[in-house]
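The values are calculated or read from the model by the stated rules, or taken from the named source; none is laboratory data. What you are looking at is a predicted structure, and each value in this text was computed from that prediction instead of being measured. Positions of Cβ are generated from backbone atoms using ideal geometry, with glycine treated the same way; all protein chains shown enter the neighbour counts. Surface accessibility is based on the protein's heavy atoms, side chains included, excluding ligands, DNA and RNA. Shrake-Rupley method; radii C 1.70, N 1.55, O 1.52, S 1.80 Å.
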Amino acid sequence: MTEVAGTPCRPALTLGRVRLGAGGPLAGVRVADGRVTHVVPDRGAAEPAGPVAGEQVLDLDGRVLLPGLWDAHVHLAEWASARRRLDLSGTASAREVADRVRAHGRTAPGAGTVLFGYGFRDGLWPDAPDRRLLDAALPDRPAALVSADLHAVWLNSACLALVGRGDHPTGLIREAEGHEVLSALPEVPAGTLDDWIADACRAAAARGVTGLIDFQYGDTVGAWERRSAQAPPAVRVSAAVYPSHLDAALARGLRTGSGIGASGGLVRVGPLKLFTDGSLNTRTALCRDPYPGLENTDDAHGIEQTAPDELVRLMRRAAAHGIEPAVHAIGDRANTVALDAFEAVRCRGRIEHAQLLSPEDLPRFAELGVTAGVQPRHATDDRDVADRYWAGRTSRAFAYADLLAAGARLEFGSDAPVSPLDPWLAVASAVTRTDDGRPAWHPEQRLPVREALAAAARGRRLIRVGDPADLVVVDVDPLTAGPDTLRALPVHATMTAGRWTHGPY
């Protein structure tokens with residue numbers, strides 16, 4: 001046996017009578033050694049392409065074959081953990097959260113252990129998160145509640161004492177300090193977390209995902225070296241590097257795209273993750289205009305997480321050694337700072353989120369070759385908070401159609417657990433700009449289905465000979481699916497590197 005592009009050879013397989021892409025013709029597609037070797041339109045299973053003696057032929061009965069989908073922004077350990085935490089999404093007030101914590105504490109006792117919750121959004125609440133509310137609901141057990149945007153954590157007094165912050169006035173801790181608090185809490189054993197992550201990857205494959213970029217905070221590369229030594233994941237993984245681990249990565253000669261561990265090329269080094277600002281829901285995204293109600297305060301315009309000179313320094317150092325930067329930027333001022341840094345360094349890379357943009361910055365993505373890593377579900381989830389805090393500017397918020405018209409490359413993600421790891425939710429949100437029955441929010445920013453599918457597949461529009469055999473078979477043509485069907489599009493089977501990772505085969 002030999003290897004092709006890091007993928008172990010596997011027996012050849014012909015997929016017969018498939019529709020070649022959304023709205024495409026019937027075709028036969030042959031896969032061998034982890035790659036597409038033949039694409040023959042109009043033959044189907046009756047005349048499979050190439051030598052077929054002893055090969056398997058699957059008749060897919062006219063189902064649609066698409067390029068495999070990617071989630072280009074995931075916090076995988078957080079997502080795997082959130083699937084097992086108290087769900088606080090949809091809560092409309094701090095008091096409602098406290099009531100949910102009280103009820104959960106009664107039904108799921110765990111004296112001495114931390115009760116973790118996830119998913120609250122306090123941007124539009126009538127009351128403020130406060131430690132005393134949680135103390136009344138759960139006085140004797142530590143509670144740590146993570147906001148939906150991952151930019152804040154709300155702790156009760158027992159948990160504040162546990163992390164050495166017993167004198168904190170409210171228990172609501174934002175941004176970098178919040179990450180420090182979470183890292184000080186007891187960790188799930190590595191083996192347990194790895195099992196949770198493997199399960200989350202299989203669930204992603206069941207929705208047609210063949211790859212993802214893991215922006216989990218910490219030593220993500222080291223964690224994936226450990227996991228890949230145990231078993232190959234169900235999806236390709238690009239593991240981000242954080243500044244605290246940059247020196248170690250450079251000392252090892254790692255580059256974006258370098259293979260990690262014993263994964264056969266499935267796990268690779270990703271980009272360097274950097275931050276310019278915070279988030280919209282916490283009112284810490286860095287904006288040109290002040291937030292209503294915060295005028296004349298120190299953080300009226302949001303926060304600057306990394307000074308421009310330091311951003312350029314880190315980007316230049318990483319890029320000189322082959323590690324591409326991925327810069328978190330949400331507010332319009334933050335996106336200008338990030339684009340200015342790319343212009344100074346002249347390297348390839350990404351801007352993550354790109355939520356609020358100045359009109360003059362739209363063409364700079366294409367001019368500088370910077371990918372816009374966007375999360376369409378955020379546009380529908382955050383429309384109300386954007387209307388309040390970005391009033392008068394929302395025509396340039398989540399401006400996917402404008403970015404596309406300006407020549408930018410879009411890649412879709414979920415930011416899971418901020419929104420669920422399901423690419424069809426992103427596609428549907430980009431196409432409809434609504435997810436709750438209300439009229440489309442800024443319908444001028446809707447994308448055609450074909451463009452949304454390409455952004456969900458890292459730009460792959462067609463299935464070509466020589467491509468990695470990262471494929472998804474769906475039961476309904478996305479071009480003819482209504483909004484509800486598109487969100488829950490039935491996935492028949494998923495293949496990554498020529499290996500079935502979901503389906504009946």
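Mean separation of Cα pairs under 8 Å and 6 or more residues apart, divided by the residue count, gives the chain a relative contact order of 17 percent. For the pair the stretch 311-376 and the stretch 120-195, the centres of their Cα atoms are 31 angstrom apart. In this simple spin-label approximation, Asp59 and Asp87 carry label points 7 Å from Cα along the Cα→Cβ vector, and these lie 4.0 nm apart. When a/c reaches 1.5 or more, the comparison of a/b and b/c decides; with that in mind, is the stretch 330-465 rounded, prolate or oblate per its Cα gyration tensor? It comes out oblate by the Cα gyration axes. Within the accessible surface of the stretch 404-449, defined with a 1.4 Å probe on protein heavy atoms only, the carbon and sulfur portion equals 59 percent. Each of Glu360, Glu352, Glu177, Glu78 has its accessible area taken with a 1.4 Å probe; listed largest first, they run Glu360, Glu177, Glu78, Glu352. The value obtained for the stretch 245-284, namely the Cα convex hull volume divided by the number of residues, is 108 Å³ per residue. Computed over protein heavy atoms with a 1.4 Å probe, the accessible surface of the stretch 138-285 works out to 35 Å² per residue. Along the Cα-to-C-beta direction of Ala190, a point sits 7 Å from the Cα; which residues of the stretch 262-306 have their amide N less than 17 Å from that point? Within reach of a label on Ala190, which here means backbone N under 17 Å from a point 7 Å along Cα→Cβ, the stretch 262-306 contributes 262-263. Note that the stretch 384-469 presents 37 Å² accessible area per residue, ligands and nucleic acids not counted, probe 1.4 Å. Within the accessible surface of the stretch 247-328, defined with a 1.4 Å probe on protein heavy atoms only, the carbon and sulfur portion equals 47 percent. Our helix-only sum for the chain, with -39,500 (n - 2.57) per DSSP H run of n ≥ 4 divided by its residues, gives a mean residue ellipticity at 222 nm of -8500 deg cm²/dmol. Dividing the convex hull volume of the alpha-carbon atoms in the stretch 272-319 by its residue count gives 74 Å³ per residue. Subtracting the Cα-Cα distance of Ala229 and Trp125 from 0.36 nm times their residue separation leaves 32.9 nm of extension gain.
Per the Debye formula with a single identical scatterer at each Cα and no solvent contribution, what log10 I(q)/I(0) holds for the stretch 124-203 at q = 0.15 Å⁻¹? The Cα Debye sum returns log10 ratios of -0.60.
Spacing of the modelled spin labels on Arg438 and Val465, each 7 Å from Cα toward Cβ, amounts to 5.1 nm. Computed from the Cβ-Cβ distance with R0 of 41 Å, the FRET efficiency linking Ala108 to Arg346 stands at 0.20. Computed on the stretch 300-422, with alpha-carbon pairs under 8 angstrom and 6+ residues apart, the relative contact order is 22 percent.
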